[in-house]
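The values are calculated or read from the model by the stated rules, or taken from the named source; none is laboratory data. As the structure is a computational prediction, the values presented were derived from the model and not from experiment. Note that each Cβ is placed from the backbone with ideal geometry, even for glycine, and that neighbours are counted across all protein chains shown. Accessible surface is based on the protein model in full, side chains and every heavy atom, while ligands, DNA and RNA are left aside. Shrake-Rupley method; radii C 1.70, N 1.55, O 1.52, S 1.80 Å.
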Amino acid sequence: MMISDEPDAGSFAIPPDQLISLAKAFTSAQIAGTADGSNGGSDWFASDFRFVAPVVGPFDKELFIDSLKG
C-alpha cells in the first residue's frame with residue numbers, strides 16, 4: 001500500500017483552486033494592513049475569533065489583529 005503525501009481533494013470543504021485564491025487574497029490583505037476590515041478591506045475574522053496555540057495566546061480578535069500589525 002502506498003501512502004500519498006497529497007490529501008484527498010474531495011475530503012476538504014474548499015476546492016484547492018479556491019483555497020489557494022483565498023490564501024493569496026488574505027496574504028495581500030495582511031500586507032496591505034486591511035485584513036481587519038480597515039481602510040475599506042474585508043474583515044477576514046469572525047467577531048468571536050480566538051487564536052489559541054501551545055506557546056502563545058489565547059488572543060481574542062483584537063489582540064490577534066494587533067499582533068499582525070507589529
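Below, the figures for the structure above:
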| item | result |
| --- | --- |
| Residue match in the range 4-13 (condition: at pLDDT 85 or above and either assigned to a loop (DSSP other than H, G, I, E, B) or small (Gly, Ala, Ser) (or both)) | yes |
| Residues located in the range 30-44, provided they are open to solvent by less than 100 Å² (accessible area, probe 1.4 Å) and out of contact with any strand residue (DSSP E or B) (no Cβ under 7 Å at 6 or more places or on another chain) | Gln30, Ala32, Gly33, Thr34, Ala35, Ser38, Gly40, Gly41, Ser42, Trp44 |
| Extreme residue, modelled with the highest pLDDT, among residues of the range 24-42 that are at negative phi and more than 11 Å from the chain's Cα centre (by Cα) | Ser28 |
| Matching residues, the range 45-54, being open to solvent by less than 40 Å² (accessible area, probe 1.4 Å) and over 13 Å from the mean Cα position of the chain (by Cα) | Ala53 |
| Pair list, Cβ < 9 Å and 6+ apart or interchain, from the range 4-29 residues that are under 23 Å from Gly40 (Cα atoms) and open to solvent by less than 70 Å² (accessible area, probe 1.4 Å) to residues that are polar (S, T, N, Q) and at pLDDT below 80 | Ala25/Ser42; Ala29/Ser42 |
